[in-house]
Amino acid sequence: ARADHEDVLKHWEGLGYYRRILHLHRAARMVCENGGVIPDNAEALRALPGVGEYTAAAIASIAFNRPEAAVDGNVARVFARLFALQERQGSPAQSKRCWQLAEQLVPQREAPAGARPGDWNQALMELGACLCTPSDPRCAECPVASLCAARRTGRERALPRKGAPRAALAVPGWQG
C-alpha cells in the first residue's frame with residue numbers, strides 16, 4: 001500500500017495483468033486507510049477495486065467463514081453436470097442458475113459442526129479442477145457420481161452445453 005505506483009508497475013513488468021495490479025494496489029491503500037483491516041463480508045469486499053462477486057464470496061467464505069456461495073468456472077461445470085443444466089456454458093442464464101444453486105447449497109451458520117462454507121466452496125472448485133474436468137471427467141473417482149444427473153444419463157461429456165462460437169473479429173484491410 002505504501003509503495004510508489006510506478007515501483008509497483010515496475011515489479012510486474014513483463015508479467016501482464018497491469019489492470020489487476022493497479023486494482024490490487026488501490027485496494028491495499030483503501031484497506032490501510034481503514035485501519036489495515038480487510039473487510040470480512042462479501043458486500044464490503046466488493047467495494048474494493050477489482051474485487052467482483054466471485055472473489056468477494058470466496059474470500060468471505062474461506063477467510064471469514066461467512067455463508068457465501070462462490071461460483072467459478074469449475075463450480076459451474078460441476079453444477080451443469082450434477083443437475084443436468086441445459087443452459088449454455090458461460091451464458092447469463094447458466095450463471096444465474098449456478099449462483100442460485102450455490103446459494104441454496106452453501107452451508108449456513110446453523111449447519112452441523114464442521115460444515116464450513118469456505119471448505120464447501122473449495123471442495124466444489126477442486127472437484128471441477130481435478131475430477132469433473134472439461135474434456136475428460138473422471139466419474140469413476142467422483143464422490144458425487146451417484147448423485148450426478150449427467151452421469152446417470154450418459155451425458156457427462158455433453159454437458160455443460162458449449163456456448164455459441166464467437167464471431168471472428170473483422171479488421172478492415174487485413175487478410176489473414
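Quick check, is Leu127 touching a Pro at 6+ places or on another chain (Cβ under 9 Å) and closer than 22 Å to Leu159 by Cα? Taking the combined requirement at face value, the residue satisfies it. Filter the range 17-38 down to the residues that are farther than 13 Å from Pro49 by Cα and more than 21 Å from the chain's Cα centre (by Cα), then identify the one that is least open to solvent (accessible area, probe 1.4 Å). Per the stated criteria, the residue is Gly36. Taking every residue in the range 120-131 that is under 10 Å from Val144 (Cβ atoms) and pairing it with any residue that is open to solvent by 60 Å² or more (accessible area, probe 1.4 Å) and part of a helix (DSSP H, G or I), at least 6 positions away or on another chain, the pairs with Cβ-Cβ distances below 6 Å are Leu131/Glu141. Flag set for Ala111, criterion: open to solvent by less than 50 Å² (accessible area, probe 1.4 Å), modelled with pLDDT under 95, farther than 30 Å from Ala1 by Cβ and part of a loop (DSSP other than H, G, I, E, B). The residue that is surrounded by the most Cβ atoms within 10 Å (Cβ to Cβ), among those in the range 65-105 that are of a type in the set (S, T, N, Q) and in a helix (DSSP H, G or I), is Gln94.
Within the range 42-58, the residues that satisfy the criterion of being touching a Lys or Arg at 6+ places or on another chain (Cβ under 9 Å) and either of a type in the set (Lys, Arg) or surrounded by 14 or more Cβ atoms within 10 Å (Cβ to Cβ) (or both) are Ala42, Leu48, Pro49, Gly50, Glu53, Thr55, Ala56, Ala57. When residues in the range 118-143 are screened for being closer than 16 Å to Asn74 by Cβ and either open to solvent by 40 Å² or more (accessible area, probe 1.4 Å) or touching a Phe, Trp or Tyr at 6+ places or on another chain (Cβ under 7 Å) (or both), 13 of them pass.
Residue under question is Leu9, and the condition is that it be at pLDDT below 90, open to solvent by 30 Å² or more (accessible area, probe 1.4 Å) and assigned to a helix (DSSP H, G or I); does it hold? Answer is yes for this residue.
The values are calculated or read from the model by the stated rules, or taken from the named source; none is laboratory data. Keep in mind the model is a prediction, meaning the values are calculated, not measured. Because the Cβ atoms are built from the backbone with ideal geometry, glycine has one as well, and the counts that use them run over all protein chains shown. Ligands, DNA and RNA are excluded from the accessible area calculation, which covers all protein heavy atoms including side chains. Shrake-Rupley method; radii C 1.70, N 1.55, O 1.52, S 1.80 Å.
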